[in-house]
Amino acid sequence: MSKPLKQIHLAAHFPGVNNTTVWSDPAAGSHIEFSSFAHFAKTAERAKFDFLFLAEGLRLREQGGKIYDLDVVGRPDTFTILAALAAVTEHLGLTGTINSTFNEPYEVARQFASLDHLSDGRAAWNVVTSWDAFTGENFRRGGFLPQDERYSRAKEFLATTNELFDSWHGDEILADQSTGTFLRDAKAGAFVHQGQHFDIHGQFNVPRSPQGRPVIFQAGDSDEGREFAASSADAIFSRYSTLDQGQAFYTDVKSRLAKYGRRSDQLLILPAATFVLGDTDAEAEDLAKEVRRQQVSGATAIKHLEFVWNRDLSSYDPDGPLPDIDPDVSDNHISKGRAQVRMYRDPLATAREWRELAAANKWSIRDLVIETGNRQAFIGSPSTVAKTINDFVQADASDGFILVPHITPSGLDPFADKVVPLLQEQGVFRTEYEGPTLRDHLGLTHPDEVRDERAAS
Amino acid sequence: MSSTSPSPLHLAVALDGTGWHPASWREPVARPRDLFTASYWADQVAEAERGLLDFVTFEDGLGLQSSHYGELDGRTDQVRGRLDAVLIAARIAPLTSHIGLVPTVVSTHTEPFHISKAIATLDYVSTGRAGVRVQLSARPHEADHFGRRTFEPISLESLRSEAGQERLAEHFDEAADYIEVVRRLWDSWEDDAEIRDVATGRFVDRDKLHYIDFEGRHFSVKGPSITPRPPQGQPVVSSLAHQTIPYRLVARATDIGYVTPHDTEEARAIVAEIRAEQEAAGRADEPLHIFGDLVVFLDDDEATAVARRERLDGLAGEPYTSDARIFAGTPAQLADLLQELQSTGLTGFRLRPAVAGHDLPAITQGLVPELQRRDAFRRAYEADTLRGLLGLARPANRYAAAAAAATA
Ligand SMILES: Cc1cc2nc3c(=O)[nH]c(=O)nc-3n(C[C@H](O)[C@H](O)[C@H](O)COP(=O)(O)O)c2cc1C
């Protein structure tokens, strides 16, 4: 007998501050007005998605010493927008990316515990570790963190917030009006933490929230990032949405769980995935090609080439050939505030390879950037896309996907209307929410049960 | 607003748990078990909005509540624990449409960059109804929650000494820097920075995004904000003040100061002092509201209100004292008092309901109609933004003005 069908988890990533988002399309709306966020969240909830996801960057990106102006710029405060979205949705999980370098545990724990109360148990935290001094210039504490300490701080940060969440057990508030006892215990919320990064003590002032702790996501990709996820996260937001890469990542990360005493179903793998739908597969392919051209204008192509060349290439014609000059391999990078820049570990080799590719295919700079950039993860008719997603999940390339539409805010609508019903027909996606909290949607146990399980074993 | 009223009176309500009296939670109307739910706060703000109030404030703090100023009291007979005020306000914003939402933020341990974008975002989700009440914390036990600074023990008495005043001045200077950074960040995007120019491929005009380059004793902040300029341009900034040093902050940096006069003479003196500081700060031309804070017990007759206060004091085991004057009486008596105080130059009042479940509806259903009969309060919301309700124009962007001056 074959193994039972896995249920798919689906989430919606609000279109981000990068060139995946096509702002030049006539259908593109505001990326900052609340009505856009409400539209997006309501579509996700109508489609019974597990959660909505927000990314975060704490300094406007720069290239060549100037604010990068070709992509969508600007976003709201993560906690504040999620709290407002809790008012216009009932079941949808609310996942916020919050940095562990430019925040303090007491404050972040208050904010997530408050969000969890105000949403009746739907809060989740994507813990990210950007540490750069460039971003640090916006903060009191500055860019004090050496790169190799980012995960040691992140780990201790998360452990400390967990101590704060657990400092209330859930039975402290009696509020007995007749006897006049409000708190069962004067020491409710007491905590002491002494570590390398934090030396704090006192009493936490938010009582235990419905989920106990927010659901924890992790998005780092390095070996350390993967270990961090295996030891402490409930889910990973990964970048591997193809079958082969997805399976490799899935196997790698799930194999790390055992040494932390965790089962394979206690860490979900949810890659980011773009999509383009058409009435037919051929139509979708044409559309996808067009979208990629919208995503990479001539000006954008030059800027992306600069990531590799690490030089000002503004004098080059995007419709002309690649530069003859070699990349600058010094450390001081032309682009600031982006995670993906560090992906090109050997710029000289990449440049050589790209020149050869361009010559062989007669590609201009813009053609090359489009062709070497990511294709959309899912392209096709609704039935093709539904089938592909299900095949990937059943083949353990992931446990589901965090979908990233390219149009704000309506880009998710066709997926909700056309793909989700097909997945529901196949019996691999919910038709009703299983319970009220995000933990229920994700099939995760409440932290109290985990603690009880460990105590019993 | 009726033309017979010389100047409209502004009314706000300060929300704090089940109300300001420490035994308020024991009243049958109090709902103490609901304090950590959204619906509790939604109901409170809906009631305030039915009463056409200008705004509500939400108290907050980075430690457990305490009956002592400078330390925890270990008590279990009063409400302890609270949710983040900015997030409560954001949660309520989509459920309301006119009332202003003014959460408290603690400037001492938080990041001005985070708070600036949080209040800007509150302004977006409320389409122009956000404000902020800035409070500092000199409490050693709250500093211990962050572990970055150590503060000496503090009490209200020690604050009155010379050393105490110096220390207070330092904290308030930091708060002034904090507000300056928050405000600069709100202006760091010009209103028309987003251009979506398909021809050139540019989403923003980066000449309309500004570094704020703030450098101060406690922090430096580069900017620009990651959040575009909020709908009101500058959300409303407010702060509570009891003496000269905080009056100076009110006068220099805020749009509303909450003050606590106990009679008209004191009110007149406070108003004079703040107006003088305002002039000294070069802000004489700018509108600055001065609101009187009052704790209120409201009933249909005075004896009932007084008896209720006494009964609650009995439950609490001691008479309730407050920095603000405590009023117990009828809506008509309160209206008389407010109008009398208004004559000293106060422009509005922030009422602290002793028992939220009782005194908030008494304000909206008793006091408000009484003031309306006297043509002293609005009969319908006349504006969609908090600045609009307070008669504050949408301010020009400091950086746009500077850029225009440079090219002129
Ligand atoms: C798919 C994906 C999405 C990410 N999104 C964010 C983000 O929104 N904000 C952020 O500051 N970092 C983001 N990151 C960065 C990581 O969380 C992490 O801090 C960074 O990659 C450095 O860790 P690493 O060296 O382990 O990859 C993202 C990373 C990945 C793979």
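The values are calculated or read from the model by the stated rules, or taken from the named source; none is laboratory data. Every value quoted in this text rests on a predicted model; they were computed, and no experiment measured them. Here the Cβ is made from the backbone with ideal geometry for all residues, glycine too, and neighbour counts use every protein chain on show.
I'd like to check something: does the stretch A:29-40 contain any residue that is in a helix (DSSP H, G or I), away from the ligand (no atom under 14 Å from the Cβ), away from chain B (no Cβ under 11 Å) and buried (at least 21 other Cβ atoms within 10 Å of the Cβ)? Yes, the stretch A:29-40 has at least one match. Of the helices (runs of 4 or more DSSP H) lying entirely inside the stretch A:345-423, those containing at least 2 residues that are of a type in the set (G, A, S) are A:347-361, A:382-394.
Against the test of being among the acidic types (D, E) and at the interface with chain A (Cβ under 9 Å from one of its Cβ atoms), the options B:D123, B:D34, B:D84 yield a single qualifying residue, B:D84.
What do you reckon, is A:F139 within 11 Å of chain B (Cβ to nearest Cβ), assigned to a loop (DSSP other than H, G, I, E, B), surrounded by 22 or more Cβ atoms within 10 Å (Cβ to Cβ) and within 16 Å of the ligand (Cβ to nearest atom)?
Yes; evaluated as a whole, the condition is true for this residue.
Scanning the stretch B:32-58 for residues that are more than 29 Å from B:Y381 (Cα to Cα) and not in a helix (DSSP H, G or I) returns a single hit, B:F36. From the list B:A307, B:A251, the one residue that fits, being modelled with pLDDT of 95 or more and under 25 Å from B:H358 (Cα atoms), is B:A307. Screening A:D279, A:D328 for residues that are at pLDDT below 95 and acidic (D, E) leaves exactly one candidate, A:D328.
Every residue, every condition in (1) buried (at least 20 other Cβ atoms within 10 Å of the Cβ); (2) closer than 18 Å to B:Y258 by Cβ, yes or no:
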site: B:Q339; (1), (2): no, no
site: B:G345; (1), (2): no, yes
site: B:V355; (1), (2): yes, no
site: B:V368; (1), (2): yes, no
site: B:A393; (1), (2): no, no
site: B:R398; (1), (2): no, no
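Would you mind finding the one in A:V385, A:V369 that is modelled with pLDDT of 95 or more, surrounded by 15 or more Cβ atoms within 10 Å (Cβ to Cβ) and within 30 Å of A:K418 (Cα to Cα)?
The conditions single out A:V385.
Regarding B:G257, is this residue at pLDDT 95 or above, more than 18 Å from B:E111 (Cα to Cα), away from chain A (no Cβ under 14 Å) and assigned to a strand (DSSP E or B)? Step through it out loud before you land on a result.
Working: at pLDDT 95 or above: yes; more than 18 Å from B:E111 (Cα to Cα): yes; away from chain A (no Cβ under 14 Å): yes; assigned to a strand (DSSP E or B): yes.
So B:G257 fits the description; yes.
On inspection, B:A408 fails the criterion of being over 17 Å from B:A14 (Cα atoms), of a type in the set (A, V, I, L, M), modelled with pLDDT of 95 or more and surrounded by fewer than 23 Cβ atoms within 10 Å (Cβ to Cβ). Looking across A:F198, A:F182, one residue alone is of a type in the set (F, W, Y), farther than 29 Å from A:D440 by Cα and free of Cβ contacts under 8 Å to residues at least 24 places away in the same chain. It is A:F182. Among the residues of the stretch B:85-111, which ones are touching a Phe, Trp or Tyr at 6+ places or on another chain (Cβ under 8 Å) and in a loop (DSSP other than H, G, I, E, B)? Result: B:H98, B:I99, B:S107, B:H109, B:E111. Listed conditions (1) of a type in the set (A, V, I, L, M, F, W, C); (2) surrounded by fewer than 22 Cβ atoms within 10 Å (Cβ to Cβ); (3) in contact (Cβ under 8 Å) with a residue 40 or more places away in the chain are all met by A:F191, apart from (3).
Here B:I212 meets the list (1) in contact with a Pro (Cβ under 9 Å, 6 or more places away or on another chain); (2) assigned to a strand (DSSP E or B); (3) free of Cβ contacts under 8 Å to residues at least 40 places away in the same chain almost entirely, failing just condition (2).
Of the residues making up the stretch B:215-254, those that are more than 28 Å from B:V125 (Cα to Cα), within 14 Å of chain A (Cβ to nearest Cβ) and not in a strand (DSSP E or B) number 4. Looking across the stretch B:87-103 at every residue that is buried (at least 23 other Cβ atoms within 10 Å of the Cβ) and not aliphatic (A, V, I, L, M), the one that is farthest from the other protein chains (Cβ to nearest Cβ) is identified as B:G100. If I ask for residues that are part of a helix (DSSP H, G or I) and either among the β-branched types (V, I, T) or within 13 Å of the ligand (Cβ to nearest atom) (or both), which ones from the stretch A:159-181 would you list? Of everything in the stretch A:159-181, those that are part of a helix (DSSP H, G or I) and either among the β-branched types (V, I, T) or within 13 Å of the ligand (Cβ to nearest atom) (or both) turn out to be A:T160, A:T161. State whether the residues of the stretch A:211-232 include one that is over 24 Å from A:L164 (Cα atoms), more than 16 Å from the ligand (Cβ to nearest atom) and away from chain B (no Cβ under 14 Å). Among the residues of the stretch A:211-232, not one is over 24 Å from A:L164 (Cα atoms), more than 16 Å from the ligand (Cβ to nearest atom) and away from chain B (no Cβ under 14 Å), which makes the answer no.
Filtering the stretch B:373-391 to residues that are within 24 Å of the chain's Cα centre (by Cα) and surrounded by fewer than 21 Cβ atoms within 10 Å (Cβ to Cβ) leaves B:R379, B:A380, B:Y381, B:E382, B:A383, B:D384, B:G388, B:G391. Which numbered condition trips up A:P436, out of (1) in a helix (DSSP H, G or I); (2) more than 21 Å from A:L277 (Cα to Cα); (3) out of contact with any strand residue (DSSP E or B) (no Cβ under 7 Å at 6 or more places or on another chain)? Single failed check for A:P436: (1). Among residues of the stretch A:54-80 that are at negative phi and more than 13 Å from the ligand (Cβ to nearest atom), those with a beta-carbon under 6 Å from a residue that is in a strand (DSSP E or B) and of a type in the set (S, T, N, Q) at least six positions away or on a different chain give the pairs A:Q63/A:S335. Take the residues of the stretch A:120-136 that are away from chain B (no Cβ under 11 Å) and not polar (S, T, N, Q): which is farthest from the ligand (Cβ to nearest atom)? So the residue we want is A:G121.
Quick one: in the stretch A:62-119, which of the residues that are of a type in the set (D, E) and more than 7 Å from every other protein chain (Cβ to nearest Cβ) is nearest to A:H446 (Cα to Cα)?
Among those residues, the one meeting the criterion is A:D116.
All conditions but one from (1) crowded, with 16+ Cβ neighbours inside 10 Å; (2) of a type in the set (G, A, S); (3) at pLDDT 95 or above apply to A:A219; the one that does not is (3). Listed by first and then second residue, the pairs with beta-carbon distance under 8 Å, at least 6 apart or on different chains, first residue in the stretch A:220-231 and under 17 Å from A:F157 (Cα atoms) and basic (K, R), second more than 6 Å from the ligand (Cβ to nearest atom) and in a loop (DSSP other than H, G, I, E, B), are A:R226/A:R256.
Restricting to the stretch A:88-108, name every residue that is away from the ligand (no atom under 16 Å from the Cβ), crowded, with 22+ Cβ neighbours inside 10 Å and in a helix (DSSP H, G or I). Within the stretch A:88-108, A:P105, A:Y106 meet the criteria. Away from the ligand (no atom under 16 Å from the Cβ), out of contact with any Cys (no Cβ under 7 Å at 6 or more places or on another chain) and within 14 Å of another protein chain (Cβ to nearest Cβ): does that describe A:I389? No; evaluated as a whole, the condition is false for this residue.
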